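**Q** Structure in structure tokens, see below.
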Amino acid sequence: MKRTASVITAALAVLLGACGTQTQIQEKAMAENGNTAAAETMAVEETAEAADEGLSKEDRKAFATGISTEADNTEGASQPGTRDAEGASKQEAADAAPGETLPEGIEERCPEAYTAVRTDVNYGEFTHGTYFSTTCGLERGYSILLPADYSEDGKYPVLYLLHGIFGDEYSFSGDANNRIKEIVGNMAADGLIEEMIVVCPNMYASSDPDQKPAFDVEACLPYDNFINDLVTDLMPCIESTYSVRTGRENTYLAGFSMGGRETIYITLQRPELFGYVCAISAAPGIVPTTDKFMTHPGQITESEMKFADGAVTPEVFILCCGSRDSVVGEYPKSYHELLAANATDHIWYEIAGADHDNNAIRSGIYNLLKLIGSGKRD
Ligand code: FER
């Protein structure tokens, strides 16, 4: 958890410009010491970083797919969840408000049995594909997790999984700490869900290949445009390229942070397309607000935070967040409150002690899949 705080503190410090000064001091020292090559390399890196608001690779990854937790990297990929195995830390236990009940069917944490790498399970592997986006006028990429025994003879439901800000189609596939392929593979192996396909798009739907995300209104517009790319271009591409079971009952949507925000927005706009939905640690900006990063004009008004009258709505619409999220804070809860105020059916829960991290991601994905499995068995 120490690292958690330092990543976010560093990110904020960078955003406030503190690191730029530090870098210049280092460059000057290097140049004075005759290390001009290193100083030049740093200068180049600095320019590239400036274009990305000065965020380090680690900071960007923390935004895109969650802050790493202590459990993530300690024992390597074959022994995951050491901390989970020992149970929640003392602090987390203290965080769990006694008497606060979770919604029916929801478990706070993804059990270790489902994040573990098991020798008896054949996991699918992520591969990469491209499609022409008429929305952006560009060839765009996606990562896709097919079941290990994927066959054209079968037909598979599809989960679209959306990354956080600064991410791309490699964010989830490139971060083994999220355990996406283990959770999906283990749950299917245990018969909790059917085999499924997971598609991880690039959510930055800009027509300008040089445009970059940042914490400002203009730079965030491509995220809000993703709904068009998804519905018009990516979903038809996936449905024609792979052996897919179509229709809302077989089409799922989930996202983390910026991806959680777009998950809610897309679901409210097109509820007839997705039967099962989970927005994890959703970022601010669906409705107007100002947070520590920027002022958001809002995609919709607070009174529009609901399904249209008479709309076909998802079977399951989950919103969840870590109780100690250092990036999006209380915004997910405020979305829950707005949906509740507008009498819009959804499930809300908090993951006690979790930050903007993999504990929240694993929990949201696990509960979504579990409810998909039990929904389909009813
Ligand atoms: C913001 C706070 C958080 C915001 C985006 C985020 C665009 C996203 C965080 C993430 O995706 O990890 O104000 O504005």
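Here, each number is a calculation from the coordinates, and none is a lab measurement. Predicted model only: the values in this text are computed from it and were never measured. All Cβ positions, glycine included, derive from the backbone under ideal geometry; neighbour counts span all protein chains shown.
**Q** Grab the other residues whose beta carbon is less than 14 angstrom from that of Asn342, score K and R as +1, D and E as -1, and report the net.
**A** -4
**Q** Quick check: convex hull of the Cα atoms in region 82-377, volume per residue, rounded to a whole Å³?
**A** 129 Å³
**Q** Rounded to whole Å and ordered largest first, report the semi-axes of the equivalent ellipsoid of region 317-378 derived from its Cα gyration tensor (root of 5λ).
**A** After scaling each eigenvalue by five and taking roots: 21, 17, 6 Å.
**Q** Quick one: 3J(HN,Hα) in Hz for region 161-174, Karplus 6.51/-1.76/1.60 with θ = phi - 60°, rounded, Gly and Pro as x.
**A** 10, 9, 7, x, 4, 6, x, 8, 5, 9, 4, 6, 5, x
**Q** Two decimals is fine: what's Rg over Rh for region 245-318, C-alpha atoms, Kirkwood radius as Rh?
**A** 1.01
**Q** Continuing with this model, one more query. Between Asp120 and Ser207, what length in nm is gained on full extension when 0.36 nm per residue of separation is reduced by their alpha carbon distance?
**A** 26.9 nm
**Q** Just the number, please: Stokes-Einstein D of region 177-284 in µm²/s, Kirkwood Rh from C-alpha pairs, 4 °C, 1.567 mPa s.
**A** Approximately 86 µm²/s, per Stokes-Einstein.
**Q** Also, I was wondering about something else. Would you mind calculating the gained length between Val231 and Leu138 on full extension (0.36 nm times residue separation, minus the Cα-Cα distance), in nm to one decimal?
**A** 31.9 nm
**Q** Return the whole-Å distance between the Cα centroid of region 117-160 and the Cα centroid of region 259-297.
**A** 24 Å
**Q** Now a separate question. Taking a threshold of 19 Å on the Cα-Cα distance, which of the pairs Lys61/Lys212; Lys61/Lys333; Lys306/Lys333 fall above it?
**A** In this structure, Lys61/Lys333 lie more than 19 Å apart at Cα.
**Q** Just the projected area, averaged over all directions, of the convex hull on the alpha carbon atoms of region 255-378: how many nm²?
**A** Dividing the Cα hull surface by four gives the mean projection, 7.2 nm².
**Q** Next question. Based on Cα coordinates alone, diagonalise the gyration tensor for region 112-239, multiply each eigenvalue by 5, take square roots, and list the semi-axes in whole Å, largest first.
**A** 29, 17, 11
**Q** Excluding Ser143 itself, calculate the net charge of residues whose Cβ lies under 13 Å from the Cβ of Ser143, where each Lys or Arg counts +1 and each Asp or Glu counts -1.
**A** -2
**Q** Please list, in order along region 234-243, the HN-Hα scalar couplings obtained from phi with the Karplus expression 6.51 cos²θ - 1.76 cosθ + 1.60 (θ = phi - 60°), rounded to whole Hz, x for Gly and Pro.
**A** My calculation for region 234-243 gives 6, 4, x, 4, 5, 5, 8, 8, 10, 7 Hz in order.
**Q** In sequence order, what are the phi-derived ³J(HN,Hα) couplings for region 257-264 according to the Karplus relation 6.51 cos²θ - 1.76 cosθ + 1.60 with θ = phi - 60°, rounded to whole Hz, with x for glycine and proline?
**A** Calculated HN-Hα couplings, in order: 6, 4, x, x, 4, 5, 4, 5 Hz.
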